[in-house]
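Please read the structure below before turning to the comments.
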Amino acid sequence: MKHPKEERTLVLIKPDAIQRALIGEIVRRYERLGLKLIGLKMVVPTAEHVEGHYTLDPSWRKVTGEKTIASYRSRNLPPPSEDPLEITAKILKNLKKYLTSGPIICMVWQGAHAVELVRKITGGTEPRTSPVGTIRGDFVVDSYVMSDADDRAVRNLIHASGSISEAEMEIPHWFEKKELIDYKVTHEDILYEKELRGILP
């Protein structure tokens, strides 16, 4: 069994966040929590690489389409189609256009409950309904209503792995093993050691 402090998650800072000069703010939020940045690079992804990212899980197309249909119905709106795969094809088209529009920053963060805590700090997929205090809730005004009206992806600054199993698929898609650096930062002793030692003389 791995210690929880070894948990890793993928974060992508999307083109809109870079254009709005939010890189430092985003990194600061995760770093301040006590997570450790072990992988970092800037890339301009291809449409094929973006599609590969979203379809790492073979059930993604069907599940995402079904969730989208349910979301429309929960808002008392007619879904654009009753076919989940038709809906997902449109979502994927817009995501590819969005994520290939400029450079993105790829990061791997490590630390206890990294997946859950990064998602918590990041906020929900729709910025409009993300709580104040989250990155999306504090820095974005976009909504499903606007993205639907404009036929585009929601501009929500960040992608963050949704589960540990998702992170385990996504990290190798964006990083080679040699690009992830195993090192220690001093605050790990305070966060993870069983005893607090060496504080008093």
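Quick one: compute the contact order of the chain, relative version, from alpha carbon pairs under 8 angstrom and 6+ residues apart, as a percent.
About 35 percent, as a whole number.
Using a Förster distance of 30 Å, how high is the FRET efficiency between V141 and S74, based on the Cβ-Cβ distance and rounded to 0.05?
Here the calculated transfer efficiency is 0.90.
Please give the charge dipole size of segment 7-50, origin at the Cα centre, charges +1 on K and R Cβ atoms and -1 on D and E Cβ atoms. Round to the nearest 20 debye.
Numbers: 8 positive and 5 negative charges, 39 e Å.
It comes to approximately 180 debye.
Treat the count of other C-beta atoms within 10 Å as a stand-in for reagent exposure and order Y183, Y192 from fewest to most.
Ascending number of Cβ neighbours within 10 Å: Y183, Y192.
May I ask which residue of G39, L191, S147 lies farthest towards the positive end of the charge dipole of the chain, with charges of +1 (Lys, Arg) and -1 (Asp, Glu) on Cβ and the Cα centre as origin?
Final value for the positive-end residue is L191.
Stretched out fully, how many nm does the piece from M169 to N94 gain, at 0.36 nm a residue minus the Cα gap? Present the calculation step by step, with values, prior to reporting the outcome.
Values: separation 75, 0.36 × 75 = 27.00 nm, distance 2.21 nm.
The M169-N94 span can extend by a further 24.8 nm.
From the square roots a ≥ b ≥ c of the eigenvalues of the alpha-carbon gyration tensor of segment 118-198, which class results: rounded (a/c under 1.5), prolate (a/b over b/c), or oblate?
Judged from the Cα gyration tensor, segment 118-198 comes out oblate (a/c at least 1.5, b/c at or above a/b).
Would you mind checking which residues have amide H under 5 Å from I158's amide H? H placed 1.01 Å from N; only 5 or more apart, or other chain.
Correct list: K14.
Highest mean first, what order results for 91-98, 184-191 on Cβ atoms within 10 Å? Don't jump to the answer; show the numbers that get you there.
Numbers: 91-98: 17.6, 184-191: 11.4.
Descending mean neighbour count gives 91-98, 184-191.
How big is the dipole moment of the chain about its Cα centre under a simple scheme where the beta carbon of each Lys and Arg is +1, that of each Asp and Glu is -1, and everything else is neutral? Debye, nearest 20, please.
It comes to approximately 320 debye.
Tell me the label-point distance for the pair D189, S101, using the 7 Å Cα-to-Cβ offset, in nm and rounded to one decimal.
With each label placed 7 Å out from Cα toward Cβ, I get 4.7 nm.
How large is the helix-only mean residue ellipticity at 222 nm for the chain, computed as the sum of -39500 (n - 2.57) over DSSP H runs with n ≥ 4, divided by its residue count, in deg cm²/dmol to the nearest 500?
For the chain, the value works out to -13000 deg cm²/dmol.
Give me I18, I23 ranked fewest to most by other Cβ atoms within 10 Å of their Cβ, as a rough exposure proxy.
Values: I18 17, I23 13.
Ordered from fewest to most neighbouring Cβ atoms within 10 Å, I18, I23 come out as I23, I18.
Read-outs throughout are calculated quantities, based only on the coordinates presented, and are distinct from any laboratory measurement. Since this is a predicted model, take the numbers as computed values, not measurements. Note that we place each Cβ from the backbone using ideal geometry, even for glycine, and neighbour counts take in every protein chain shown.
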